[in-house]
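Right, one structure below, let's go through it.
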C-alpha cells in the first residue's frame, strides 16, 4: 500500500510544482508590464524642455534704424556706418 499512496503524493507534487512555476512566471510578466507602464507614464508626464528665453533678434529694419540713430548721434563715423550697414545687408 505504500506504493499506491506515493502516486497521489507524487502527482500533487508535480502539479503543485508546475503551478508554482507558472505563477512565478506570471508574476514576473506582470512586474515587467508594470515597469513598462510606469516608464511610459514618466515619459508622458515629463515636462517638455522649456524654450530658451533668449532675447529675440531685432529685425533688419530695427537694426538699420539703430545704426542710423547712432550715426546721427555721432557715435558712428560715416565709414563705420557704411561698413556696419553693408555687413547687415550682406553686401
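Any read-out appearing in this document is the output of simple, stated calculations on the displayed coordinates, not a laboratory observation. Everything quoted here is computed from the prediction, not taken from an experiment. Quick reminder, even Gly has a Cβ in these numbers, built from the backbone with ideal geometry, and neighbours come from all protein chains shown.
Taking the beta-carbon count within 10 Å as an exposure proxy, list 53, 69 from fewest neighbours to most.
If I rank by nearby Cβ atoms, fewest first, I get 53, 69.
With labels modelled as points extended 7 Å from the Cα through the Cβ direction, what inter-label distance (nm, one decimal) is found for residue 66 paired with residue 40?
About 4.9 nm, to one decimal.
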